[in-house]
Amino acid sequence: MSIVQHVDSTLEKELRRGPLSGVNAEVAFETPNSDWAARRSGLCVNLFLHSVEEDLTQRQTGDSSVIDEHGVVVAYHRPTRWFKLGYALTVWAQNPRDEHSLLGTLLEWSVTTEKLAPYRDATAGPLILKLRETPEGAEPLSAKLWSSLGTPPRPVLDLLVTVPVVGTSTTVETEPIKGVTLRAGRLDPPIVAEEPPARPPRPRGTRRPRRNVEEIG
């Protein structure tokens with residue numbers, strides 16, 4: 001199961017055991033365009049995935065070392081990255097009062113629910129749920145969504161689900177140490193510089209020979 005499929009499944013499970021408990025409503029993930037809206041007959045909650053983006057505020061760089069009990073690095077692990085999945089939640093019914101009633105229940109659930117079931121396993125951390133806030137002066141999602149889909153406008157809850165994507169590990173492949181080999185080699189004797197031969201000692205009582213000195217007149 002892919003990441004997006006897992007988030008879809010988690011959202012449906014959380015809705016059915018929460019605000020949709022005991023409610024006979026369909027949960028759909030199709031694009032709510034005009035053709036899809038024309039086929040609606042019963043109560044339906046639509047979760048349209050409209051965006052996927054990385055949460056760069058939690059981005060980490062650099063791999064971490066995995067060390068075994070002997071203190072040897074056996075692998076390198078890439079850091080976890082977080083992605084935000086944006087869902088446009090809408091309610092479809094034959095009666096506007098039924099739509100508004102269920103939409104209010106879903107609004108309360110979206111505000112009070114912050115964490116969903118963990119992604120795949122508990123070590124990855126829970127899915128984080130919140131309502132996306134429209135920055136001041138920015139165009140709201142409802143205005144862009146319905147104009148692009150050609151559907152009459154209706155209220156939208158912009159859900160934001162943050163999911164962790166655990167980094168992979170790269171194993172360090174090293175040859176096991178099977179033994180130690182010692183090799184001995186012959187060393188040549190050091191080269192010593194030859195000294196000039198020493199002069200023989202002069203007999204005692206002899207005079208040092210005089211050098212000829214030429215007089216200059």
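Report the label-to-label distance for residue 148 and residue 165 in nanometres (one decimal), using points 7 Å from each Cα along the Cα→Cβ vector.
Here the modelled spin labels are 2.0 nm apart.
Would you list 142, 101, 41 from fewest to most Cβ contacts within 10 Å? Working shown, then result.
Details: 142 17, 101 12, 41 9.
Taking fewest neighbouring Cβ atoms as first place, the list is 41, 101, 142.
Taken together, the values in this text are just the output of simple stated rules run on the coordinates, not laboratory data. From a predicted model like this one, the values you see are computed outputs, not experimental measurements. Glycine gets a Cβ as well: all are built from the backbone with ideal geometry, and neighbour counts include every protein chain shown.
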